[in-house]
Amino acid sequence: MWIERHSLACDFDDAVEALEFWRDRRARLGWHRRAARREADAMVDAWERRIRHAVVRDPSVPLAQRLEAGVLVLRTRGTIVGRRWRRRAYVSGVAMAGAAGAGFAAVASLF
């Protein structure tokens with residue numbers, strides 16, 4: 001059952017193309033299209049899992065394709081992690097600026 005759930009059910013090249021499509025679609029979507037971005041994220045995760053499983057388990061996939069797919073999956077993961085940390089850095093920067101402004105206003109009101 002586990003193998004059936006993670007099987008590619010298509011050609012390896014088609015799976016890599018599908019992952020690239022969903023990555024590009026996610027990048028093109030606007031910030032206000034939350035449901036579509038969630039769908040694209042879910043599809044990227046699903047195709048990454050399938051490709052990772054095929055790279056590790058399928059002996060018919062040539063080494064060059066395995067390396068190419070591995071780089072694509074790493075690039076996708078790096079983009080997601082980078083996006084999360086960039087957002088956290090923005091939020092913390094705004095919070096620190098607000099705290100500094102409030103502190104300045106508090107000190108200025110004393111004089």
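Matching residues to (1) closer than 12 Å to residue 15 by Cα; (2) out of contact with any Ser or Thr (no Cβ under 6 Å at 6 or more places or on another chain); (3) in a helix (DSSP H, G or I); (4) not small (Gly, Ala, Ser):
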{"site": "31", "(1), (2), (3), (4)": "no, yes, no, yes"}
{"site": "36", "(1), (2), (3), (4)": "no, yes, yes, no"}
{"site": "39", "(1), (2), (3), (4)": "no, yes, yes, yes"}
{"site": "42", "(1), (2), (3), (4)": "no, yes, yes, no"}
{"site": "50", "(1), (2), (3), (4)": "yes, yes, yes, yes"}
{"site": "69", "(1), (2), (3), (4)": "yes, yes, yes, no"}
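Going through the stretch 16-28 one residue at a time, which ones are free of Cβ contacts under 8 Å to residues at least 40 places away in the same chain and crowded, with 16+ Cβ neighbours inside 10 Å? Residues satisfying the conditions are 18, 22, 26.
The sole residue among 34, 66 that is at pLDDT 80 or above and on the phi < 0 side of the Ramachandran plot is 34.
The values are calculated or read from the model by the stated rules, or taken from the named source; none is laboratory data. Just so you know, these numbers come straight off a predicted model, no measurement behind them. So basically every Cβ, Gly included, is an ideal-geometry build from the backbone, and we count neighbours across all protein chains shown.
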